[in-house]
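Working notes, structure below.
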Ligand SMILES: NC(=O)c1ccc[n+]([C@@H]2O[C@H](COP(=O)([O-])OP(=O)(O)OC[C@H]3O[C@@H](n4cnc5c(N)ncnc54)[C@H](OP(=O)(O)O)[C@@H]3O)[C@@H](O)[C@H]2O)c1
């Protein structure tokens, strides 16, 4: 049993912290900006709620974090009352936020200055993956530190990989989002075309999903896309945040991402339709408007 802290009990963090307590059997202290959520979590899972990130991290061997973006991450780590004020020497800070590779490298240096360690560990698998404890976790950091963190991360993961030094987990998550962006637009166009052609979409998907066009998005999203249901899943506001990180990184490493840049603009159109919190599969709604 390890002494573990978790900062950020949102859609993802709340169930992930729950798995660390229940499946991992660890001694948990949680922090959430909106304190009521931390109190609810502590009541549900039987851990402690702290008033600040610094208080949560005090004395912990492992400090997990899952907040929104780079600025949120800086605020709960190196900001006032942030976790790095109390992070002890030898402790490992594991960040599950989808953020830039730059902030990961920055926090790696800041943790080292305290004699502590940092692993960037963004996740894929969505709300269902977090609730079922079957996320894919892409890590960046030192191999020895990773080997110590891995058995703890296992509590909420099905696949955990070390991709390289600090920032490599975030770079891998960027590849993940690039692959999804173009694929979802292709799926939206396929379903749109099929409807216009008067085909039975359920039948079409049943057949083609077993062939070369099959994908997770096709399996898990075609029904809701066909029904025009988007009030769930991975919000477009989050996807645009991720694509902004991707396109910024591409400007610095010289990668050409024409389709990703175009799909980002399509998502801006969906936001204008009021779809900020709609699932990313709502690219079809843009074609149908
Ligand atoms: N949702 C998904 O399907 C999914 C999938 C993969 C990756 N991700 C990534 O995981 C991260 C979290 O996503 P989520 O869906 O869990 O988001 P969420 O439900 O909006 O939760 C965000 C959490 O961060 C906290 N937070 C935000 N800004 C903060 C700040 N400045 N100081 C302190 N706490 C702050 C929020 O606190 P409050 O409760 O006070 O607002 C909340 O606990 C994001 O980076 C997202 O891109 C999400």
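The values are calculated or read from the model by the stated rules, or taken from the named source; none is laboratory data. None of these values were measured; they are calculated from a predicted model. Cβ sites come from the backbone with ideal geometry, for glycine too, and all protein chains shown count toward neighbours.
Only one of the numbered conditions (1) within 16 Å of the ligand (Cβ to nearest atom); (2) under 19 Å from residue 179 (Cβ atoms); (3) without any contact (Cβ under 8 Å) to a residue 60 or more places away in the chain; (4) in contact with a helix residue (DSSP H, G or I) (Cβ under 8 Å, 6 or more places away or on another chain) is violated by residue 280, and that is (3).
When residues in segment 7-39 are screened for being out of contact with any helix residue (DSSP H, G or I) (no Cβ under 7 Å at 6 or more places or on another chain), buried (at least 16 other Cβ atoms within 10 Å of the Cβ) and more than 22 Å from residue 73 (Cβ to Cβ), 1 of them pass. When segment 116-147 is filtered for residues that are more than 15 Å from the ligand (Cβ to nearest atom) and not in a strand (DSSP E or B), the ones remaining, listed by number, are 116, 141, 142, 143, 144, 145, 146, 147. Of the residues making up segment 1-51, those that are closer than 25 Å to residue 136 by Cα, in a loop (DSSP other than H, G, I, E, B) and within 14 Å of the ligand (Cβ to nearest atom) are 8, 9, 10, 11, 12, 32.
One line per residue, one yes/no per condition, for (1) in a helix (DSSP H, G or I); (2) in contact with a helix residue (DSSP H, G or I) (Cβ under 7 Å, 6 or more places away or on another chain); (3) within 16 Å of the ligand (Cβ to nearest atom); (4) not assigned by TED's automatic domain parsing to the domain that holds residue 125:
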{"residue": "226", "(1), (2), (3), (4)": "yes, yes, no, yes"}
{"residue": "232", "(1), (2), (3), (4)": "no, no, yes, yes"}
{"residue": "241", "(1), (2), (3), (4)": "yes, no, yes, yes"}
{"residue": "244", "(1), (2), (3), (4)": "yes, no, yes, yes"}
{"residue": "248", "(1), (2), (3), (4)": "yes, no, yes, yes"}
{"residue": "251", "(1), (2), (3), (4)": "yes, no, no, yes"}
{"residue": "265", "(1), (2), (3), (4)": "yes, no, no, yes"}
{"residue": "269", "(1), (2), (3), (4)": "yes, yes, no, yes"}
